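For reference, the structure discussed in these notes is given below.
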Amino acid sequence: MELNHILLFTAIATSALVVLQAFQPQSPGARARAAIVLIASALAWLLARPIAGWLSAIVWCALLVVPAFLRNRAWAAHSRYRPSGSDRQFGSDRGSAISVSPVVLALIIVNVAVFILELLAGGSTNPMTLHRLGELDTHFVIFRHQYWRLLAALFLHYGPIHIFFNLFALLLLGPALERQIGGFLFAVCYLVSGIGSSIAVVLLTKLRLLEPVQLVGASGCIMGVVGTWTGFLLRHRHAPLARQRLRNIFVIVLLQLAFDLVTPRVSMSAHLGGLFTGFLLGLVVPAKSVSARLPISQMGGSAAPRAIGED
């Protein structure tokens, strides 16, 4: 996975979501700046492809990230002097703020701990280390029945860039879903979706529709979170903004597929397997509360920046 591709994908994905009003509310100025980032990214891809991601990232930071950071700082300073009731009302519109939830935090800690183990065991990009710790080697799963790799590979990552973007995507997508369905069900959806992505790769390999591969990463789990959101929102499609958020998810999935097609060493099969498994879970998983507010505006930031990685 190349950082240039990841940066380009992140700039395009988040800017497209701003243009489509995935982050509520958005001013016309923010949408105009996001459109400029999209145009700059397209020109960079056409004229300077080897550094297109870096150029897009510079424009993206200057026009979207830095202004958003400054606005959040101003809001945080202002909220200290507001009464608690008005502060809650003021803050209720700030859906793009990043928060954390217990299970998401626990998953981040586990992934970081395993990554440290990789470094101590020989390096996170060392093929022998990854194989020894449990990468998804389809040959060993099919012919040596090492099914434990279906789960172990979900917590391994190939290099710091890989784990950073996966965990960043989890932080963007996960907390809101965890608040909707509860921590236990969120953990189940995360893990089952990841295992589903691993099984999909193994089955396609066994059917000779896919060459034998070695994969690591939480990408299937995170796409499973996207899939769970899709199924969950379809069941609650009459809730406020649910249909708009479904459209946003559709855009996220399209952008992810486009990223998979142009980025080497990324498994579209694993992503689709996790997405489909999560979708099935989302159709049946109950909401934690009866409330139909669905406070999930922060989910639009995903994507999937996710450049979700090697699998």
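Looking at residue 45, is it open to solvent by 60 Å² or more (accessible area, probe 1.4 Å), in contact with a helix residue (DSSP H, G or I) (Cβ under 6 Å, 6 or more places away or on another chain), at pLDDT 85 or above and not in a loop (DSSP other than H, G, I, E, B)? Give the steps one after another, and end with the answer.
Values: open to solvent by 60 Å² or more (accessible area, probe 1.4 Å): yes; in contact with a helix residue (DSSP H, G or I) (Cβ under 6 Å, 6 or more places away or on another chain): yes; at pLDDT 85 or above: yes; not in a loop (DSSP other than H, G, I, E, B): yes.
Considered against the rule, which asks whether it is open to solvent by 60 Å² or more (accessible area, probe 1.4 Å), in contact with a helix residue (DSSP H, G or I) (Cβ under 6 Å, 6 or more places away or on another chain), at pLDDT 85 or above and not in a loop (DSSP other than H, G, I, E, B), residue 45 comes out as yes.
Residues checked against (1) within 30 Å of residue 156 (Cβ to Cβ); (2) part of a helix (DSSP H, G or I); (3) modelled with pLDDT under 90; (4) among the aromatic types (Phe, Trp, Tyr):
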| site | (1), (2), (3), (4) |
| --- | --- |
| 34 | no, yes, yes, no |
| 50 | yes, yes, yes, no |
| 71 | no, yes, yes, no |
| 86 | no, yes, yes, no |
| 93 | no, no, yes, no |
| 108 | yes, yes, no, no |
| 112 | yes, yes, no, no |
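When 245, 235 are checked against the criterion of being touching a Phe, Trp or Tyr at 6+ places or on another chain (Cβ under 9 Å), open to solvent by 10 Å² or more (accessible area, probe 1.4 Å) and among the basic types (Lys, Arg), a single residue qualifies: 245. Pairs meeting the criteria (first residue in the stretch 267-290 and under 24 Å from residue 216 (Cβ atoms) and without any contact (Cβ under 8 Å) to a residue 12 or more places away in the chain, second residue polar (S, T, N, Q) and open to solvent by less than 60 Å² (accessible area, probe 1.4 Å), beta carbons under 9 Å, at least 6 apart or on different chains) are 268/256.
Kindly evaluate residue 6 against the criterion of being open to solvent by less than 40 Å² (accessible area, probe 1.4 Å), β-branched (Val, Ile, Thr) and at pLDDT below 85. Yes: the conditions hold for residue 6.
Residue 290 fulfils the conditions (1) surrounded by fewer than 17 Cβ atoms within 10 Å (Cβ to Cβ); (2) at pLDDT 90 or above except for a single criterion, (2). Of all residues in the stretch 98-119, those that are closer than 12 Å to residue 133 by Cβ have Cβ atoms under 6 Å from Cβ atoms of residues that are crowded, with 17+ Cβ neighbours inside 10 Å and not hydroxyl-bearing (Ser, Thr, Tyr), 6 or more apart or on another chain, in 114/155; 115/157; 115/163. Residues that are open to solvent by 30 Å² or more (accessible area, probe 1.4 Å) and farther than 27 Å from residue 206 by Cβ within the stretch 252-276 comprise 254, 255, 258, 262, listed in sequence order.
Any residue in the stretch 230-251 that's without any contact (Cβ under 8 Å) to a residue 60 or more places away in the chain and closer than 15 Å to residue 20 by Cβ: show its pairings with residues that are surrounded by 14 or more Cβ atoms within 10 Å (Cβ to Cβ) and among the hydroxyl-bearing types (Ser, Thr, Tyr) at Cβ separation under 9 Å, as long as the two are six or more apart or on different chains. Going by the 9 Å Cβ cut-off, the qualifying pairs are 246/230; 249/230; 249/302; 250/230. Listed by position, the helices (runs of 4 or more DSSP H) enclosed by the stretch 168-272 that each have at least 3 residues that are of a type in the set (Gly, Ala, Ser) are 183-206, 219-235.
The values are calculated or read from the model by the stated rules, or taken from the named source; none is laboratory data. Since the model is a prediction, treat every value here as computed from it, not as a measurement. Virtual Cβ from ideal backbone geometry, glycine too; neighbours counted across all protein chains shown. The protein model used for the area step is the full one, side chains on, heavy atoms only, and it has no ligands, DNA or RNA in it. Shrake-Rupley method; radii C 1.70, N 1.55, O 1.52, S 1.80 Å.
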